[in-house]
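Chemist: This is the structure I have questions about; it appears just below.
The values are calculated or read from the model by the stated rules, or taken from the named source; none is laboratory data. Please read these numbers as outputs of a predicted model, since none were measured by experiment. Cβ atoms come from the backbone with ideal geometry, glycine included; neighbour counts cover every protein chain shown.
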Amino acid sequence: MELKILARKYALQNALEYDGKANPGSVIGRVMNENPELRSQAKEVSKVSMQVIARVNSMSLEEQKAELETLAPELLVKEKKEIIKELPALENSENGVVMRLAPNPSGPLHIGHTRMAILNDEYVKKYGGKLIVRMEDTNPPTILPEAYDMIEEDLKWLGVEYHEVINQSSRFDTYYKYAQEILALGKGYMCDCDSETWRNLKNEKKPCPHRDTDPETNVQLWKDMLAGKFELGQISMVVKTDIEHKNPAVRDFVAMRMVEEPHPLTGSDYSVYPLYNFSVAIDDYEMGMTHVLRGKDHLNNTYRQEYVYEHLGWKKPVFIHYGWVSIEDTVLSTRQIKADIQEGKYTGWDDPRLGTVAALARRGIHPDSIRQYWNDVGAKGVDIKFSWENLYAFNKDMIDKTAVRLFFVWNPKPIKIIGIDKLHSSAPLHPENPEMGNRETELSGDIHVSITSDDLENLKPGSLVRLKDLCNLEMMPDGSFKYIGNDLDVLKKGARIIHWVEPDAPEAEVHMPNGETINGLVEKTAMEYSDTVVQFERFGFVRLEIGDKINAFFTHK
């Protein structure tokens, strides 16, 4: 076989195995090992191979795959076997588990929240039992009323199978009951110190002057607080821990305080609200939690909550803390996003620049790829950096087998085809799934098509071109392109495969995650795939929204 063709097919195969970049040593070694007679021509083999590799490495993965399919289909990269990782076992799970998701309805879920949601869901599905969604809505100023429904929608899209939804704002009487019980036991106290004085005493391991107030007086002060006899911020209820604990954050903590702002659900029915650690400890016990799985940023909270269990004589659940996840280059703060939406910076919670679940869904990320990502990461205590590349790799495995292939031409430039007055294209909707059918295009008369400006700039008179699934062309001195047949052997002569669209192709806008918009033309078949993830060949996967115009939201390469 001709040396150039031999090197080319091995370079294409190697490139497809390693994300589009062939390794010279591997390619040259393959050529020499399988053709020992070429060892005497080592310098020539190396020279030719390096030239071929440089050309192959400049091609897109789609171009590489298309050419190898024609040149040596037997060398196509075989499908990788799926590796399934299992989550570590949970202790004391023999009789099933009761676990919970505890979002704050300050906004919808984002990619960081999905770890909590998916891992809890996975364990409940693994061991059987119950998964409760508990809306932690005891801080009225932070609540976004529509977030209650948005969170449930996000969980359903993720495939999380919860059994019950409970709002903490409906449980105030329960919190009041246990607050009074803790005071009566002498395990808490009412405090009217200003917050700075109280905090400074705690940091110095000194007790607040109210810490030893007798239980009867504390209970009466508590009842006066509920009756509205104090001004906002004048008094609060505190749970005792160890005032000399080595960690200042674990020393006595405020459990109940007064709130003036009305609640979106309960209005002004209540003015005394629980703080996080008190309400969570009460609810986890009352709702029968067997296991509490959350990030290790909650370790101090766990230590505080354990005191509530000890004071009330309750059996503690199993606490599991996974490592911190840093997610770079992604806007996640619901407070910031809400403000930016109001100012018009973002179009909504599903703006593709955001890291919300709604934004990922709009871009075409498959929910199972997010689940697979977190299953792969697991519930270990080590800190990690979130990898978008890994998520995209999982997602590509999910969508690649069914995503229709379409031609998209960005920065389009028209070219004229001469030497023929009728052309027919029959391109597969998916190269590996012939049962999906073909997309047919007829061109006749004075034939013009559009190609990308990048492709046009790289051509010069005499250049050979293959318009994919259409025909072969040669560029003429006047800038037109002459029809030279439809034989795939033109690829062996160095013809470039480029993409094209018909003269009346509709316009499309591609919205990128960085906020950039790329304009171009897409073949008319795209009109049939609204709300669907497709692949724009040589460009990437996108999810289409088709209305008055075609909007495509970039998924990934």
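Chemist: Just give me the residues in segment 361-387 being among the basic types (K, R), buried (at least 19 other Cβ atoms within 10 Å of the Cβ) and touching a strand residue (DSSP E or B) at 6+ places or on another chain (Cβ under 9 Å), in sequence order.
Modeler: Hits for segment 361-387 are R362, R363.
Chemist: Within the bounds of segment 514-526, is there any residue that is part of a loop (DSSP other than H, G, I, E, B), modelled with pLDDT of 95 or more and surrounded by 14 or more Cβ atoms within 10 Å (Cβ to Cβ)?
Modeler: Yes, the conditions are met somewhere in segment 514-526.
Residue by residue, here is whether (1) at pLDDT 95 or above; (2) closer than 30 Å to E537 by Cβ holds:
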{"site": "W349", "(1), (2)": "yes, no"}
{"site": "R353", "(1), (2)": "yes, yes"}
{"site": "A359", "(1), (2)": "yes, yes"}
{"site": "H366", "(1), (2)": "yes, yes"}
{"site": "Q372", "(1), (2)": "yes, yes"}
{"site": "A379", "(1), (2)": "no, no"}
{"site": "N390", "(1), (2)": "yes, yes"}
{"site": "N395", "(1), (2)": "yes, yes"}
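Chemist: Would you say V97 is modelled with pLDDT of 80 or more, of a type in the set (V, I, T) and under 21 Å from Y322 (Cα atoms)?
Modeler: When the stated conditions are applied, V97 passes them.
One line per residue, one yes/no per condition, for (1) under 43 Å from the mean Cα position of the chain (by Cα); (2) within 16 Å of Y175 (Cα to Cα); (3) not in a loop (DSSP other than H, G, I, E, B):
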{"position": "T217", "(1), (2), (3)": "no, no, yes"}
{"position": "M225", "(1), (2), (3)": "no, yes, yes"}
{"position": "I243", "(1), (2), (3)": "yes, no, no"}
{"position": "M256", "(1), (2), (3)": "yes, yes, yes"}
{"position": "Y273", "(1), (2), (3)": "yes, yes, yes"}
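Chemist: Answer yes or no: is there a residue in segment 317-329 that is small (G, A, S), touching a His at 6+ places or on another chain (Cβ under 9 Å) and surrounded by 14 or more Cβ atoms within 10 Å (Cβ to Cβ).
Modeler: There is no residue in segment 317-329 that is small (G, A, S), touching a His at 6+ places or on another chain (Cβ under 9 Å) and surrounded by 14 or more Cβ atoms within 10 Å (Cβ to Cβ).
Chemist: Which members of segment 163-182 meet the condition of being outside any helix (DSSP H, G or I) and either touching a Lys or Arg at 6+ places or on another chain (Cβ under 6 Å) or surrounded by fewer than 15 Cβ atoms within 10 Å (Cβ to Cβ) (or both)?
Modeler: Those that are outside any helix (DSSP H, G or I) and either touching a Lys or Arg at 6+ places or on another chain (Cβ under 6 Å) or surrounded by fewer than 15 Cβ atoms within 10 Å (Cβ to Cβ) (or both): H163, E164, V165, I166.
Chemist: Quick one: count up the residues across segment 18-34 that are at pLDDT 80 or above and in a helix (DSSP H, G or I).
Modeler: Number satisfying all stated conditions: 3.
Chemist: Which ranges mark the strands (runs of 3 or more DSSP E) fully within segment 449-508 that have 3 or more residues being without any contact (Cβ under 8 Å) to a residue 24 or more places away in the chain?
Modeler: Counting at least 3 such residues, we get 471-475.
Chemist: Would you confirm whether or not segment 234-249 contains a residue that is surrounded by fewer than 19 Cβ atoms within 10 Å (Cβ to Cβ), in contact (Cβ under 8 Å) with a residue 24 or more places away in the chain and in contact with a helix residue (DSSP H, G or I) (Cβ under 6 Å, 6 or more places away or on another chain)?
Modeler: Taking every residue of segment 234-249 in turn, at least one turns out to be surrounded by fewer than 19 Cβ atoms within 10 Å (Cβ to Cβ), in contact (Cβ under 8 Å) with a residue 24 or more places away in the chain and in contact with a helix residue (DSSP H, G or I) (Cβ under 6 Å, 6 or more places away or on another chain).
Chemist: Can you find a residue in segment 294-301 that is outside the structural domain of Q180 (by TED's automatic domain parsing), hydrophobic (A, V, I, L, M, F, W, C) and touching a strand residue (DSSP E or B) at 6+ places or on another chain (Cβ under 8 Å)?
Modeler: Yes; the residues of segment 294-301 include at least one that is outside the structural domain of Q180 (by TED's automatic domain parsing), hydrophobic (A, V, I, L, M, F, W, C) and touching a strand residue (DSSP E or B) at 6+ places or on another chain (Cβ under 8 Å).
Chemist: Anything in segment 333-360 that is among the small types (G, A, S) and either surrounded by fewer than 16 Cβ atoms within 10 Å (Cβ to Cβ) or part of a loop (DSSP other than H, G, I, E, B) (or both)? List them, or say none.
Modeler: S333, A339, G344, G348, G355, listed by residue number.
Chemist: Which one of the conditions (1) within 22 Å of the chain's Cα centre (by Cα); (2) modelled with pLDDT of 95 or more; (3) within 22 Å of P103 (Cα to Cα) does F319 fail to meet, given that it meets all the rest?
Modeler: Failing condition for F319: (1).
Chemist: Still on this structure, I have one more. Among the residues of segment 122-136, is there at least one that is closer than 21 Å to I365 by Cα and at pLDDT 95 or above?
Modeler: Yes, segment 122-136 has at least one match.
Quick grid of which residues meet (1) touching a His at 6+ places or on another chain (Cβ under 7 Å); (2) without any contact (Cβ under 8 Å) to a residue 40 or more places away in the chain; (3) assigned to a helix (DSSP H, G or I):
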{"site": "N375", "(1), (2), (3)": "no, no, yes"}
{"site": "N395", "(1), (2), (3)": "yes, no, yes"}
{"site": "R405", "(1), (2), (3)": "yes, no, no"}
{"site": "S425", "(1), (2), (3)": "no, no, no"}
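Conditions tested, residue by residue: (1) closer than 28 Å to E261 by Cβ; (2) surrounded by fewer than 17 Cβ atoms within 10 Å (Cβ to Cβ); (3) hydrophobic (A, V, I, L, M, F, W, C); (4) touching a strand residue (DSSP E or B) at 6+ places or on another chain (Cβ under 9 Å).
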| site | (1), (2), (3), (4) |
| --- | --- |
| K126 | no, yes, no, yes |
| K130 | no, no, no, yes |
| V133 | yes, no, yes, yes |
| E153 | yes, yes, no, no |
